[in-house]
Amino acid sequence: MLSVAYLSYLAPEILIGVWAMVLLLLEAFLELSPRAIASLAILGIIVTALVTLTFDSTSTLFWAGMCKWDGAAKFFHLFFLAVVALVIWMGDEVQSPVSHGGGEFVVLPLFTTVGLMLLASANDFILLFVALELVTISLYILVAYQRRSLVALEAGVKYLILGGLSSAFLVMGVAYIFGLTGHTRFDLIWRYFHLYGHTMSPGVGFGLLLVLTGIGFKIAMVPFHSWAPDVYEGAPNSITAFLSVGSKAGGLIILMRIVLGVFDIPSASAIWVPLLTVCAIASLILGNLAAIPQRNLKRMLGYSSIGHTGFILVAVIGASASLTGKINYFSSDVATGQVAVTVYLVSYLLATFTCFIVLAVLERRLPGLEIHHLAGLSQRSPILAAAFSLALVSLAGVPPLSGFIAKMLVVLVAWHSGLYTLLVFTIFAAVAAFYYYLGPIKAMYWSEPLDETPIHLNRATNTVLGVLIVLIIGTGFWAQSFAVLVNGAVLAQNSLPSPPVALIQH
């Protein structure tokens, strides 16, 4: 039973979950249009965000210790609410409407967001698994929602099979860890090693490897990346953006909670640091080199997202106390691993959604989404060409845009942590990314248009693109303030789940 005093910490999940069920009932009995459902969904998201903002960031364990509320949990609750608001708006306003079940297509991302928010607060492997399944099962449906499209069906089948396999790896790893430590709560497993002096047994190490394998699928980390390009190509644009930002961020949160919050001890770091190092290097190389020959824009962004996973993994490795010797990762120095990850995710959100909003608009007006279809876009729609160019340049890491700040923080983390090998591959990947990101820009500005018909945007699309452009530029120009703001937002997170401030057992 959950104490009423701590029920408020689950208010965001409860509000979104209940509102999603109410919207399904309204759609069924009142026959509301998908647009009305989308408007009501966004209203519910705004209310939930305002409620979340009223919570403080004091580190607190509740629900028998299964959940942890802290600065990071609050920040990522708001992060996921922003993501789902953009996803629902895209699905209703920008991209081609789905041929059937428009209301359910709006509501399903809300259930996904409940799972993502639970991931941000998870302090227990059981809750982590339940939340992750809530995310992935709803995404299985959303990816293959256009069931009359063979490409969408292929993407859905691949995502279902590999997603189920990854869940099997994850739950098997949890079984090994629980069987040998006797705990599923992160803080109790941490005490098992740090306070009671137990060493890392081979069985627990094997369980950790299985858990990391399961998470690797979720974040499209090499060698568990094969689903990403096909799923990105086959899914609707709004869902592709959701996968690229929301699902990846959820996986990275639990990765940090586990490796930095539970297993950041020398015996465990000897397992996960080399593993993540190899995976980071492979992701940096394969993601960026495989993106170069891609002609389809969604596949190109799919491979590039694998490369971005490599960048973020470098920051995660650099946050390890086993490498840095620091227990408190948060300080006035903004070049810390967790801050670098968070800044990178925010920057990635801004640029990625800008890209997919543009692609969603173009998909309805162009014969395809190949690079050559962008020829002369600057003449047909200057705002679309400018937005897409700025987003790609930000993803490439060109100063003074937000993407440059994100990659620079990763480089600083690698340098300060002595990860010089990773630093070399990081710089190589950043340079390689310029080649394929500049290809679409060349087509838009230096090629003659295939069709000279102007592309007109409605006021809402112009406004959203304008806001995203301002944020991409603004967070780059005011980089120090941006990083300090993020640092302050997650300052209450303590990666080591040491004795809790408050704990409700009943």
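The values are calculated or read from the model by the stated rules, or taken from the named source; none is laboratory data. Since we're looking at a predicted model, the values are computed, not measured. Here the Cβ is made from the backbone with ideal geometry for all residues, glycine too, and neighbour counts use every protein chain on show. Quick note on the areas: whole protein, heavy atoms, side chains included, nothing else; ligands and nucleic acids left out. Shrake-Rupley method; radii C 1.70, N 1.55, O 1.52, S 1.80 Å.
General remarks:
- Residue among L10, L23 that alone is assigned to a helix (DSSP H, G or I), in contact with a Cys (Cβ under 8 Å, 6 or more places away or on another chain) and crowded, with 18+ Cβ neighbours inside 10 Å: L10
Yes or no, residue by residue, for (1) open to solvent by 10 Å² or more (accessible area, probe 1.4 Å); (2) within 25 Å of F186 (Cβ to Cβ):
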residue	(1), (2)
M256	yes, yes
A268	no, yes
L284	no, no
N288	no, no
M300	no, no
G307	no, no
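Matching residues to (1) among the hydrophobic types (A, V, I, L, M, F, W, C); (2) crowded, with 22+ Cβ neighbours inside 10 Å; (3) free of Cβ contacts under 8 Å to residues at least 60 places away in the same chain:
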| site | (1), (2), (3) |
| --- | --- |
| P202 | no, no, yes |
| V222 | yes, yes, no |
| D230 | no, no, no |
| G234 | no, yes, no |
| I253 | yes, yes, no |
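- Complete set of residues in the range 168-181 that are modelled with pLDDT under 90 and either open to solvent by 80 Å² or more (accessible area, probe 1.4 Å) or in contact with a Cys (Cβ under 9 Å, 6 or more places away or on another chain) (or both): L180
Every residue, every condition in (1) touching a Lys or Arg at 6+ places or on another chain (Cβ under 8 Å); (2) in a loop (DSSP other than H, G, I, E, B); (3) closer than 20 Å to V278 by Cα, yes or no:
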| site | (1), (2), (3) |
| --- | --- |
| V361 | no, no, no |
| V398 | no, yes, no |
| L409 | no, no, no |
| V413 | no, no, yes |
| G418 | no, yes, yes |
| F434 | no, no, no |
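- Total residues in the range 204-220, condition in a helix (DSSP H, G or I), small (G, A, S) and crowded, with 24+ Cβ neighbours inside 10 Å: 2
- Considering the range 145-167, the residues that are more than 16 Å from S244 (Cα to Cα), among the hydrophobic types (A, V, I, L, M, F, W, C) and in contact (Cβ under 8 Å) with a residue 40 or more places away in the chain include one that is surrounded by the fewest Cβ atoms within 10 Å (Cβ to Cβ), namely V151.
- Total residues in the range 9-37, condition acidic (D, E) and within 30 Å of A72 (Cα to Cα): 1
- The condition of being open to solvent by less than 20 Å² (accessible area, probe 1.4 Å), modelled with pLDDT of 90 or more and not charged (D, E, K, R) does not hold for V278.
- Taking first residues from the range 255-277 that are under 13 Å from V316 (Cα atoms) and of a type in the set (D, E) and partners that are part of a helix (DSSP H, G or I) and open to solvent by 10 Å² or more (accessible area, probe 1.4 Å), the Cβ contacts under 7 Å between residues at least 6 apart in sequence or on separate chains come to D264/A321; D264/S322.
- Residue within the range 366-375 that is open to solvent by less than 10 Å² (accessible area, probe 1.4 Å), part of a helix (DSSP H, G or I) and in contact (Cβ under 8 Å) with a residue 40 or more places away in the chain present: yes
- Residue in the range 10-37 that is nearest to L81 (Cα to Cα), counting only those that are touching a residue at least 12 places away in the same chain (Cβ under 8 Å) and of a type in the set (D, E, K, R): E13
- Residue check for L26: at pLDDT below 80 and not basic (K, R): no
- From the options L384, L395, L401, L412, residue that is closer than 12 Å to V343 by Cβ and of a type outside the set (G, A, S): L412
- Selection of the range 299-324 for residues being over 17 Å from the mean Cα position of the chain (by Cα) and at pLDDT 90 or above yields R299, M300, I317.
- Here the condition is being of a type in the set (A, V, I, L, M), out of contact with any strand residue (DSSP E or B) (no Cβ under 6 Å at 6 or more places or on another chain) and not in a helix (DSSP H, G or I); of L32, L50, L40, it holds for L32 alone.
Yes or no, residue by residue, for (1) under 23 Å from L345 (Cβ atoms); (2) open to solvent by 10 Å² or more (accessible area, probe 1.4 Å):
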| position | (1), (2) |
| --- | --- |
| F29 | no, yes |
| A36 | no, yes |
| I45 | yes, no |
| V51 | yes, yes |
| D70 | yes, no |
| F79 | yes, yes |
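- Comparison of S447, S402, S381 shows that the only residue that is closer than 29 Å to S320 by Cβ and at pLDDT below 90 is S402.
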